[in-house]
Amino acid sequence: MRNRTGIDRRWMMGSTLLAIASTACGQAARSSGAGTVRAFGARGDGVTDDAPAIQRAIDAAAQAGGGVVTLDPGTYLLRYRPSDDGDGGSALTLRSGVTLEGTDRARCILKLADAQLGPGSYARIIASKGEISRAVLRGFTIDGSRQGQGQFRDGFGGAAVLLGWKGRCVDVTVENLTVHDAVGQGIMLQGSIESVSRNLRIANNLVERTSFIGIQCSQFDGVEIVGNRINDCYDNAIDVYGDDTAGHSTVATSHRATITDNQIRGCSIGVFLETVADCVAARNVIADCRTAGVRVNRIHGEPRNLTIERNTISGTPIGVAMGGDTGGVVIRDNAIRGFTKAGIEFSYNVSRVTATANRFVPATRTTPIVLGQPTTLGSTPEEQLAHVNINNSRVPRGHDQESLFVNRYRRIADVQVGQFVRQ
């Protein structure tokens, strides 16, 4: 069922339910134990290690059945300690039922101390232990102090916020945070193949200059990633993942993500949909990414029922990149401009893709609008492009005819590329 915008109304209903769950979670927290971190000894002077005091406040709220832990304006220096989950280090452990909330996003700062990382670090500024539920992070800044970590500043392990490790997240919200200069991920919510996370919301955050991914979710059923700004991250801006790396199942383990109204600039890939199903990426503004605006990828599980629509993608080598057989991908009504390699690129056995009503403005008149580019010619079996329909696309009036569809696959089946409208 679709409304006038073309967005499936079931997704809108799902987003509404997630928002209601988030509000209810916050209200429930406020009705129980609560306290300011300063009441537990935190100073916020940028010199004292405030992690133990903030942890006492979080634990007290959890023991009271849940509540709001408040950060007043100040710079709260944090040092790592052995993590409660038994792996690596962490500064704080968020508990179920607890909201950690700042009174002023710009002036309530959690700052990682310098020289906290070492060889092979798997460190998180805010972590959890096992399953975490009914928890909220809201309204403050996390400064990951990358430059202060010296030779370890470009590590991939760990994150500023990583919840659900060795467990899962249920009814968890991360909103209105500023996260910058984190080693590893900016914000990550994860579940497990056996027990997926549910009802997640990551909204209205600013994530900048992470050494790996900006926002990532893995092994989930129901996540809303909306209204975030992600800039200058080393790897992908938004990454949703659902592969069964152990059993190699062909069925994706992550379902129902809505990725909407995000602004992304200067990352590797804007939105990465990897081995996930039943997801929508819509109305995102993606600029100056180094590899692609949106990428769909298959590892073992089949990407299925994905919709990429009404996004604005500019200044990337590839607008939308596809890799691997799918169970159905629709690419429609996107504005893709300034690309230097291809508007849409197919690589490695791509199948079941429909692209319609997209507007392409390439960097040059000979830049391919659609590019079929197998990873290896002469492989056994030969890579195939199959069941692809591209129609009703708009291109500049003077674009080279031979560059509308450049196909390097030697094995194709049911591939229809045409109906280019020159404007």
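The values are calculated or read from the model by the stated rules, or taken from the named source; none is laboratory data. None of these values were measured; they are calculated from a predicted model. Quick reminder, even Gly has a Cβ in these numbers, built from the backbone with ideal geometry, and neighbours come from all protein chains shown. What goes into the accessible areas is simple: the full protein's heavy atoms, side chains included, and nothing from ligands, DNA or RNA. Shrake-Rupley method; radii C 1.70, N 1.55, O 1.52, S 1.80 Å.
Pairs of Cα atoms under 8 Å, at least six residues apart: use those to get the relative contact order of the chain, whole percent. Let's see the in-between values first.
Numbers: 1393 pairs, mean separation 30.7, N = 423.
Over the chain, the number comes to 7 percent.
Order 365-378, 309-322 from most to least packed using the mean count of other Cβ atoms within 10 Å.
On the way: 365-378: 17.1, 309-322: 23.7.
Highest mean packing first, the order is 309-322, 365-378.
Taking only protein heavy atoms into account and a 1.4 Å probe, give the accessible area per residue of the stretch 93-237 in Å². Walk me through the intermediate numbers first.
Values: 4470 Å² over 145 residues.
In whole numbers, the stretch 93-237 has 31 Å² accessible per residue.
Would you kindly derive the ³J(HN,Hα) couplings of the stretch 70-83 from the backbone phi angles with the Karplus curve 6.51 cos²θ - 1.76 cosθ + 1.60 (θ = phi - 60°), listing them in order in whole Hz, with x for Gly and Pro?
Per-residue couplings from phi come out as 9, 9, 7, x, x, 10, 9, 6, 10, 10, 6, 9, x, 6 Hz.
Counting only residues 5 or more places away or on other chains, whose amide H sits under 5 Å from the amide H of ALA257 once H atoms are built in the peptide plane?
Amide H to amide H, under 5 Å and 5 or more residues apart or across chains, ALA257 pairs with VAL223, CYS279, VAL280.
Hey, of [x] 41, 21, 19; [y] 39, 28, 16; [z] 51, 21, 17, which did the structure itself give for semi-axes √(5λ) of the Cα gyration tensor in Å when calculated?
Label of the calculated value: [x].
Show me 109-115, 292-298, 398-404 ranked by packing, highest mean number of other Cβ atoms within 10 Å first. Walk me through the numbers before you get to the answer.
On the way: 109-115: 19.6, 292-298: 26.1, 398-404: 13.7.
Ranked from most to least packed, the peptides come out as 292-298, 109-115, 398-404.
Could you derive backbone 3J(HN,Hα) for the stretch 269-278 from the dihedral phi with the Karplus parameters 6.51, -1.76 and 1.60 (θ = phi - 60°), listing whole Hz in sequence and x where the residue is Gly or Pro?
Once θ is set to phi - 60°, the couplings for the stretch 269-278 become 10, x, 10, 10, 9, 10, 6, 10, 9, 6 Hz.
For ASN236, enumerate residues with amide H under 5 Å from its amide H, sequence gap 5+ or separate chain, H modeled in the peptide plane.
Correct list: GLY214, SER268, ILE269.
I'd like the distance between the alpha-carbon centres of the stretch 71-98 and the stretch 188-265, rounded to an integer number of Å.
After rounding, the separation between the Cα centres reads 22 Å.
Find the all-direction average of the projected area of the Cα convex hull for the stretch 215-293, expressing the result in square nanometres with one decimal place.
Numbers: hull surface 19.5 nm².
Mean projected area for the stretch 215-293: 4.9 nm², to one decimal.
Normalised by the residues of the stretch 23-181, what does the relative contact order come to in percent, with Cα pairs under 8 Å and at least six apart?
Numbers: 428 pairs, mean separation 33.8, N = 159.
The value is 21 percent.
Relative contact order, percent, of the stretch 231-349 when contacts are C-alpha pairs under 8 Å separated by at least 6 residues? Write down the numbers at each step before the final one.
Values: 378 pairs, mean separation 26.1, N = 119.
Reported as a whole number, the value is 22 percent.
Determine the distance separating the Cα centre of the stretch 319-362 from the Cα centre of the stretch 140-171; give it in Å without decimals.
One Cα centre to the other: 32 Å.
Suppose only helical runs count, i.e. DSSP H with n ≥ 4. What mean residue ellipticity at 222 nm does that imply for the chain under -39500 (n - 2.57) per run, divided by all residues and rounded to the nearest 500 deg cm²/dmol?
On the way: 2 runs with 35 residues, N = 423.
One gets -3000 deg cm²/dmol as the mean residue ellipticity at 222 nm.
Of the listed peptides 328-337, 214-223, what is their order by residue-averaged count of other C-beta atoms within 10 Å, with the highest listed first?
Details: 328-337: 20.5, 214-223: 25.8.
The packing order, highest mean first, is 214-223, 328-337.
Taking the alpha-carbon distance from LYS111 and a cut-off under 23 Å, which lysines remain once sequence neighbours fewer than 8 residues away in the same chain are dropped?
Within reach: LYS129.
Dipole of the stretch 341-407 (Lys/Arg Cβ +1, Asp/Glu Cβ -1, origin at the Cα centre): which of HIS387, THR367, GLY398 lies farthest to the positive side?
GLY398
Through the Karplus equation 6.51 cos²θ - 1.76 cosθ + 1.60, θ set to phi - 60°, convert the phi angles of the stretch 113-126 into ³J(HN,Hα) values in whole Hz; use x for Gly and Pro.
Computed from phi, the couplings for the stretch 113-126 are 5, 5, 6, 9, 9, x, x, x, 4, 10, 10, 10, 5, 10 Hz.
Suppose all protein chains stay in the model; what accessible area per residue would a 1.4 Å probe give for the stretch 307-423, in Å²?
Result: 42 Å² of accessible area for each residue.
Skipping prolines and chain starts, which residues have an amide H placed within reach, meaning under 5 Å, of the one on ASN407, given they are 5 or more residues away or on another chain?
Amide H neighbours of ASN407: GLY372.
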